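The values are calculated or read from the model by the stated rules, or taken from the named source; none is laboratory data. Remember, predicted model here, so these are calculated numbers, not experimental data. Note that each Cβ is placed from the backbone with ideal geometry, even for glycine, and that neighbours are counted across all protein chains shown.
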Amino acid sequence: MNAQNVINELLKYGDEVYALHHANFFKCFEGGYGDINDTFCGIRAKNLRLVAKRFYKQIEFSEISALLKERLHEARVAALIMLFNKFDKADAKKKNQIVNLYLEHTRYINNWDLVDISVYKILGRYCYEIGDCTILRTLSQSGFLWEERMSVVANWYLIHKGEFALVLELCEKFLTHKHDLMHKACGWMLREMGKVSPKGLIGLIDFLEKYHKIMPRTMLRYAVERLSSEQKAYFMKK
């Protein structure tokens, strides 16, 4: 099983109209945040997952690496799905290999869908299991938008395990970030924290009490989404 087999299978499900929509949706044009070199075949998410599920057991890491370097956006999505499926079944040694492969290819995990579908299932879970979040703090300091987003969204796994310290630390760190995609990521993770438990809700309220007047509006709007009408009105009022 090689990378070209996977690409050929993806292309069978392609749709030109949907491909054009995806190129615009993920801002893959001059002046957008996406990679202008990205191409799309327009495969629906359901079919993409089916292809990845069909091949992930047989495919080698070297071929996943090749897929992650492909210009075809859906090839990179499929590679990441196969990678976290492998991670789910892996022993400690294989998990280390998968994490290293992921970190070696972050330049190709370069849009929000690629980050969001994979990072919490690989890096977030790994950091939780080894009890060390150094990887995420390092990514947060890179200055590369997609690695910064990885550092935040990876917390989705930690949050659902009741660990909130890092997400609060990173959301504070990124209060002055210039990119809207980071505001959305931070607000989303804060909202998730408030959903999972009474302790998480207390953490969210405390964070908002401290920072709501200086938070980027998008971050704040995402963070308060699940709060009561009264709480929303209080925090959204500048």
Checklist outcome for this item: Residue set H105, H183; condition surrounded by 19 or more Cβ atoms within 10 Å (Cβ to Cβ) and either modelled with pLDDT under 95 or in the same structural domain as N24 (by TED's automatic domain parsing) (or both); output residue H105
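Would you check if A92 is buried (at least 18 other Cβ atoms within 10 Å of the Cβ), small (G, A, S) and at pLDDT 95 or above? Quick ask: steps written out before the conclusion?
On the way: buried (at least 18 other Cβ atoms within 10 Å of the Cβ): no; small (G, A, S): yes; at pLDDT 95 or above: yes.
No, not satisfied.
Across the range 37-50, what is the number of residues that are more than 14 Å from N111 (Cβ to Cβ) and either charged (D, E, K, R) or surrounded by 21 or more Cβ atoms within 10 Å (Cβ to Cβ) (or both)? Lay out the reasoning, then the answer.
Kept after step one, since they are more than 14 Å from N111 (Cβ to Cβ), are these residues of the range 37-50: 41-50.
Restricting the remaining residues to those that are either charged (D, E, K, R) or surrounded by 21 or more Cβ atoms within 10 Å (Cβ to Cβ) (or both) gives 43-44, 46, 49.
So the count comes out to 4.
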Checklist entry - Here are some residues: E172, E225, E163. Which one is assigned to a helix (DSSP H, G or I), assigned by TED's automatic domain parsing to the domain that holds D132 and of a type in the set (D, E, K, R)? => result E172
Checklist entry - What number of residues in the range 32-56 are part of a helix (DSSP H, G or I) and either of a type in the set (V, I, T) or free of Cβ contacts under 8 Å to residues at least 24 places away in the same chain (or both)? => result 4
Checklist entry - Does N110 meet the test of being part of a loop (DSSP other than H, G, I, E, B) and either under 30 Å from H21 (Cβ atoms) or in contact with a strand residue (DSSP E or B) (Cβ under 8 Å, 6 or more places away or on another chain) (or both)? => result yes
Checklist outcome for this item: Of the residues in the range 78-102, those that are outside any loop (DSSP other than H, G, I, E, B) and over 20 Å from L139 (Cβ atoms) come to A78, I81, M82, N85, K86, D88, K89, A92, K93, K94
